[in-house]
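Asks: Please see the structure below; I have some questions.
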């Protein structure tokens with residue numbers, strides 16, 4: 001799980017880092033969840049279509 | 001930040017910022033853009049969109065820059081904010097915009113450009129608001 005509760009701003013570099021991390025997690029048989037993304041982060045996930053890709057757990 | 005050029009006929013609506021072309025200064029550019037947009041009565045969502053656009057474009061310009069200053073101009077008009085930034089480019093700098101970044105920029109800003117020009121790497125973007 002990636003706790004994003006303290007992440008107030010995310011850009012495309014951050015999204016790429018999440019995708020790379022997810023690939024690593026999947027390669028090890030795990031699943032990745034994002035926890036408590038802030039509104040700006042959630043919005044960027046929606047813009048890029050990744051909000052449906054990453055399961056989100058609210059705080 | 002500096003005082004606008006007195007020969008510039010639009011000097012009353014121009015803010016200039018010069019920062020080292022390094023990623024740690026992108027936050028200062030975002031903050032300046034937010035402040036200028038706030039003065040133009042952009043709402044919270046419009047300012048957040050602008051912050052995202054500035055972050056993406058300035059970061060790409062810095063990645064292609066050879067160091068030196070990144071000079072940014074924030075030019076405001078009645079219903080738009082136009083931002084332009086230039087820094088000396090690395091030799092052979094490639095300034096393509098990848099699909100993910102392009103998708104983000106199309107969603108958050110009205111117009112944008114990233115280019116090399118006479119040895120510089122430059123970005124520009126325009127955020128418009130409806131006339132009231």
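Asks: Stretched out fully, how many nm does the piece from residue A:3 to residue A:52 gain, at 0.36 nm a residue minus the Cα gap?
Replies: 15.9 nm
Asks: What is the distance in Å between the Cα centroid of the stretch B:17-70 and that of chain A?
Replies: 23
Asks: Sort B:38, A:12 so that the residue with the fewest other Cβ atoms within 10 Å of its own Cβ comes first and the one with the most comes last.
Replies: B:38, A:12
Asks: Compute the angle between helix A:12-27 and the longest alpha-carbon principal axis of chain A, please, reported from 0 to 90 degrees and rounded to the nearest 10.
Replies: 30
Asks: What number, rounded to the nearest 500 deg cm²/dmol, is the helix-based mean residue ellipticity at 222 nm of the protein assembly as shown, given -39500 (n - 2.57) per DSSP H run of at least four residues and division by all its residues?
Replies: Mean residue ellipticity at 222 nm (helix-derived): -11500 deg cm²/dmol.
Asks: In nm, to one decimal, how far is the modelled label at residue B:18 from the one at residue B:38, with both set 7 Å along Cα→Cβ?
Replies: Label-label distance for residue B:18 and residue B:38, simple model: 2.6 nm.
Asks: I want to check the label-to-label distance for residue B:78 and residue B:111. Put each point 7 Å from Cα in the C-beta direction and report it in nm to one decimal.
Replies: 1.7
Asks: Would you work out if the stretch B:9-58 is rounded, prolate or oblate? Take a ≥ b ≥ c from the square roots of the eigenvalues of the alpha-carbon gyration tensor; rounded if a/c is under 1.5, else prolate when a/b is larger than b/c, oblate otherwise.
Replies: Oblate.
Asks: Stretched out fully, how many nm does the piece from residue B:63 to residue B:98 gain, at 0.36 nm a residue minus the Cα gap?
Replies: 11.2 nm
Asks: Give me B:70, B:40 ranked fewest to most by other Cβ atoms within 10 Å of their Cβ, as a rough exposure proxy.
Replies: B:40, B:70
Asks: Now, a different point. Would you list B:63, B:78 from fewest to most Cβ contacts within 10 Å?
Replies: Listing B:63, B:78 from fewest to most nearby Cβ atoms yields B:78, B:63.
Asks: Sticking with this one: Mind running the shape call on the stretch B:1-122? Use the C-alpha gyration tensor, a ≥ b ≥ c as the square roots of the eigenvalues: rounded below 1.5 for a/c, prolate if a/b tops b/c, oblate otherwise.
Replies: oblate
Asks: Rounded if a/c is under 1.5, else prolate if a/b is larger than b/c, else oblate: which is the stretch A:1-43, with a ≥ b ≥ c the root eigenvalues of its Cα gyration tensor?
Replies: Oblate shape, in that a/c is at least 1.5 and b/c is the bigger or equal ratio.
Where a number appears in this text, it was derived from the coordinates with a stated rule and is not lab data. The model shown is predicted, which means the values in this text are computed figures rather than measured ones. Positions of Cβ are backbone-derived with ideal geometry, glycine not excepted, and every protein chain shown enters the neighbour counts.
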